[in-house]
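Comments concern the structure below.
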Amino acid sequence: MKHLILALLLVFATGALYAADVTGKWKGSFEAPDGTRELTFDLKADGAKLTGTVSAGHSGVEVIHASPA
């Protein structure tokens with residue numbers, strides 16, 4: 001589960017660096033072997049820097065920090 005969340009974070013972070021503005025709350029879901037999982041991203045873009053959180057229901061909240069290499 002953590003690997004999937006990390007992969008999704010990297011996708012969002014990469015896209016955020018090239019997108020106009022991804023600031024806001026984003027919701028999504030995916031099918032896991034034991035049912036549908038819901039994710040909520042709360043993102044803030046500041047230039048090329050992206051910060052925010054991702055929550056996955058009962059799995060808790062992870063902090064996001066991304067910037068170009």
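The values are calculated or read from the model by the stated rules, or taken from the named source; none is laboratory data. Since the structure is predicted, the reported quantities are computational estimates derived from the model, not experimental observations. Protein only, heavy atoms only, side chains kept; ligands, DNA and RNA dropped before computing areas. Shrake-Rupley method; radii C 1.70, N 1.55, O 1.52, S 1.80 Å.
Scanning region 20-44 for residues that are at negative phi, within 12 Å of the chain's Cα centre (by Cα), open to solvent by less than 50 Å² (accessible area, probe 1.4 Å) and not aromatic (F, W, Y) yields V22, G28, L39, T40, L43. The set of residues in region 54-66 being part of a strand (DSSP E or B) and open to solvent by 50 Å² or more (accessible area, probe 1.4 Å) consists of V61, E62, V63, H65.
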